[in-house]
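Every number here is computed from the coordinates shown, using simple stated rules; none is lab data. On a predicted model such as this, the values are computed, not experimentally measured, just so you know. Here Cβ is always computed from backbone atoms with ideal geometry, including for glycine, and neighbour counts include all displayed protein chains.
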Amino acid sequence: MSEQQLVKRIMQGETHAFDSLINPYKNYLLKVIFSFTKNTQDSEEVLQEISLKIFQSLGSFSGKSFKSWITRITINHCIDLQRKKRIQPVSLEELVENNFSGEVEIKDPAESPKDQLLTKEKDALLFQALENLPEDYRSTLKLFYFSELSNREIAQKLDVSPRTIESRIYRARKMLEESLRDYAL
C-alpha cells in the first residue's frame with residue numbers, strides 16, 4: 001500500500017495504520033535526531049514527540065515525498081528543542097564514534113596506540129571546528145557527510161535551493177580549512 005493511501009486511511013479514522021506508515025522510517029529518523037542529541041535515549045524520546053507531531057500534521061501532507069516531509073518536521077523540531085536548550089547539540093566526535101546508533105566503534109587493531117591517539121586528536125580538532133561553524137553551515141555538513149544526502153535532498157529538507165547548499169558546503173569547507181590551518185591536518 002502506498003504512503004498516500006496509508007495517509008488517506010489514517011485521515012479517515014484508521015489510526016492503527018500510522019504504525020505501518022512511520023515504522024519504515026524510524027531508524028532513519030533516529031539517525032537524524034541523534035545528530036542533534038547526545039545519546040540514544042534522548043533520541044528515542046524525541047522520536048516519540050516527533051511521531052505525535054507527524055500524526056497531528058498529516059492533514060498538511062501534500063502527497064509528494066513523505067520521507068522529505070517527515071525529515072523537515074524532524075529537523076525543525078530538533079532545532080526548536082536546541083533553541084529551548086532542552087537538548088544540547090551533539091559533538092561530532094561522539095556522533096562518529098557512535099555511528100548514530102549508540103554503539104562503540106571498533107578501532108583498527110593493526111593501528112598502533114600512538115597512531116590511534118593522533119587520529120583521535122585530529123578528529124577532535126576537526127569536530128570542534130565543525131561544532132564552531134554557524135548553524136546553517138554545520139547542519140548542512142551534517143546532512144551531507146553523516147546522513148549522506150545529496151545536495152538536492154538537503155535543499156529539499158532545508159527548504160532552500162540546491163545552489164544555496166553548494167555554496168554552504170563550499171563556504172563551510174573554507175571556514176574549516178581556515179580554522180584548522182595552524183594544525184597541519
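For this structure, a couple of remarks:
- Every residue from the stretch 66-85 that is of a type in the set (S, T, N, Q) and either within 13 Å of LEU29 (Cα to Cα) or in contact with a helix residue (DSSP H, G or I) (Cβ under 7 Å, 6 or more places away or on another chain) (or both): SER68, THR71, THR74, ASN76
- Filtered residue count, the stretch 150-185, keeping only those that are in contact with a Lys or Arg (Cβ under 7 Å, 6 or more places away or on another chain) and buried (at least 18 other Cβ atoms within 10 Å of the Cβ): 1
- Residues that are in contact with a helix residue (DSSP H, G or I) (Cβ under 7 Å, 6 or more places away or on another chain) and under 19 Å from LEU21 (Cβ atoms) within the stretch 31-43 comprise VAL32, ILE33, listed in sequence order.
- Evaluation of LYS31 against (1) in a helix (DSSP H, G or I); (2) free of Cβ contacts under 8 Å to residues at least 60 places away in the same chain (one fails), failing number: (2)
- Complete set of residues in the stretch 122-151 that are of a type in the set (S, T, N, Q) and in a helix (DSSP H, G or I): GLN128, SER139, THR140, ASN151
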